[in-house]
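The next block holds one structure in the form of structure tokens; read it before the comments.
What follows is calculated from the coordinates using simple rules that are stated; it is not laboratory data. Quick caveat: nothing in here was measured; it's all calculated off a predicted structure. FYI the Cβ positions are ideal-geometry reconstructions off the backbone, even for glycines, and counts take in every protein chain you see.
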Amino acid sequence: PMSDSDTERPAVGIGRERQFEVYVGGARGAYPTVPVSFDRLEQRARKAMTPEGYAYVAGGAGTEETIRENRAAFERWRIVPRMLRDVSVRDTTAEVLGTRFSSPFALCPIGVLEMAHRDADVAVARAAAAEGIPFIFSNQASRPMEETARAMGRAPRWFQLYWSTSNELVASLVSRAEACGCSAIVLTLDTTMLGWRIRDLDLAYLPFLRGKGIAQYTSDPVFLDALQETLRTAAPPGGRVTLAALGTLWELAGSYPGSRLTNLRSGLARAAVRRFVETYSRPSLSWDDLAFLRERTRLPILLKGILHPADATAAIEHGMDGIVVSNHGGRQVDGAVGTMDALPGIVEAVAGRVPVLIDSGVRSGADIFRALALGASAVGLGRPYVWGLAAGGEDGVREVIRNLRADFDLTMGLAGCASVREIGRDSVQPAG
Ligand code: FNR
């Protein structure tokens, strides 16, 4: 008979642990808190959200061809599993620019999370911290970064920046991010203007104009100073007074810190939105502007929204520390290249000098595996965690993270890789 010492103790790993947790739960009559399938999860989330909130998250630019293309580009690659490679003990961790990832994905910066759940960024922060998955705070967050950071202990976080028309505001946001323990700045380049988003246009709905998603601004000392100026020069409210306009004002007053009535009387909330609209975007941004940011922080800076190899090379020449290959989840340029089609050329141009991350369309462990095989250091997860948030709050986000971690762990092991370092170009081949 085999003694304990002859039999190897089976290594479990996060994938099998999660599977058994679900199956054993089922044997007792318990089902996962939120659906494991992202499609069913999205349906559940949709029921929990307003039509406007759902459209804003789900939608993309134009005919939404790029949303579909992102998926198609992942599906054009096939994993080629290898056998007999002892994958009993697996290491899914990764390190990017000094930040530890328990599994090689981060939560993408997503604005206006209050449309999914009232705990918004704070719920996501708690879930990410509990699972050791970095959270990239959005510039358009629903909660000030200080509050979100407090919910995370020492867990890893980055800050995503939009370059507004005020360099002073840019500098202020960056220094707040440093004080909040963010260990990198992700500068998003692809949204100097909003893409042509048909679902939102048909609903005539933009959350920012309702005072949603501007918490990083209304908590910023530089923005607040400028706001006083706006208040002094504010024109009296123009246009016809309609019931809808009054409703919007009421909504605005409630979304700004402080009491609703005081905000209504002072016109502060209305002025904040006006000021935000005046400052948030800067279509004139160009390569030379990067020096300003480079001088203001010692944190690594990643450029998000890169799709052309020459732009990746230019980023390195301008002292940038990383690339995020992204088309903003198909929300900006309809017809834009799928990110997995853009990745190989960018990885080649970068030639290992800086880490390359990728997002837009990541929906499974297989997607993470394929991106790593083509040379990405990690990936970003977008809409799926927002669906988790809408369907189940903090627990819902946690489940989404745990499921994706488990899926990736099992995919990696079953493909014959015991660690992310073993995933290479020969782990995949083009379909067909
Ligand atoms: C985003 N994205 C985004 N990006 C960014 O840099 N700052 C932001 O504030 C936002 N806000 C935002 C809101 C919503 C509702 C969505 C869906 C997306 C883009 C995001 O970081 C990421 O690039 C995509 O979401 C990735 O695509 P998938 O995974 O959603 O397909």
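Of note:
- Our estimate of slack between A179 and Q228, defined as 0.36 nm per intervening residue step minus the Cα-Cα distance, is 15.1 nm.
- Around A55: net Lys/Arg minus Asp/Glu count, Cβ-Cβ under 11 Å: 0
- Per-residue 3J(HN,Hα) values for the range 155-166, derived from phi via the Karplus relation 6.51 cos²θ - 1.76 cosθ + 1.60 with θ = phi - 60°, read 5, x, 8, 10, 10, 9, 10, 9, 8, 7, 6, 10 Hz in sequence order (x marks Gly and Pro).
- In this label model, L285 and R82 are separated by 4.1 nm, measuring between points 7 Å along each Cα→Cβ vector.
- GNM result for the chain, Cα springs below 10 Å: residue of L246, L231, L372 fluctuating most strongly: L246
- Placing unit charges on the Cβ atoms of the charged side chains and taking the dipole of the chain about its Cα centre, the candidate lying farthest along the positive direction among G396, L414, S286 is G396.
- With K and R counted +1 and D and E -1, the other residues having a Cβ less than 14 Å from that of G319 yield a net charge of -1.
- A straight chain from A314 to Y23 at 0.36 nm per residue would run longer than the Cα-Cα distance by 99.8 nm.
- This model, with +1 at the C-beta of Lys and Arg and -1 at the C-beta of Asp and Glu, gives the chain a dipole about its Cα centre of some 940 debye.
- Considering only the chain, percent of DSSP beta bridges that pair antiparallel, nearest 5: 20
- When the charge dipole of the chain is built from unit charges on Cβ atoms (+1 for Lys and Arg, -1 for Asp and Glu) and taken about the Cα centre, the candidate among V222, A371, P104 whose Cα reaches farthest toward its positive end is V222.
- Here the range 198-352 is assigned +1 on the Cβ of each Lys and Arg and -1 on the Cβ of each Asp and Glu. Its dipole about the Cα centre then comes out at about 980 debye.
- Rough spin-label spacing in nm, given labels placed 7 Å along Cα→Cβ, for R421 and R353: 2.5
- Measuring between their Cα centroids, the range 342-407 and the range 262-284 lie 34 Å from each other.
- Cα lying deepest toward the dipole's positive end in the chain, options L84, M340, G132, charges on Cβ: G132
- The range 127-165 and the range 417-432: distance between their alpha carbon centers, rounded to Å: 31
- The range 302-432, dipole about Cα centre (Lys/Arg Cβ +1, Asp/Glu Cβ -1), debye to the nearest 20: 100
- Distance between the pseudo-spin-label points of S37 and E146 (7 Å out from Cα toward the beta carbon): 4.6 nm.
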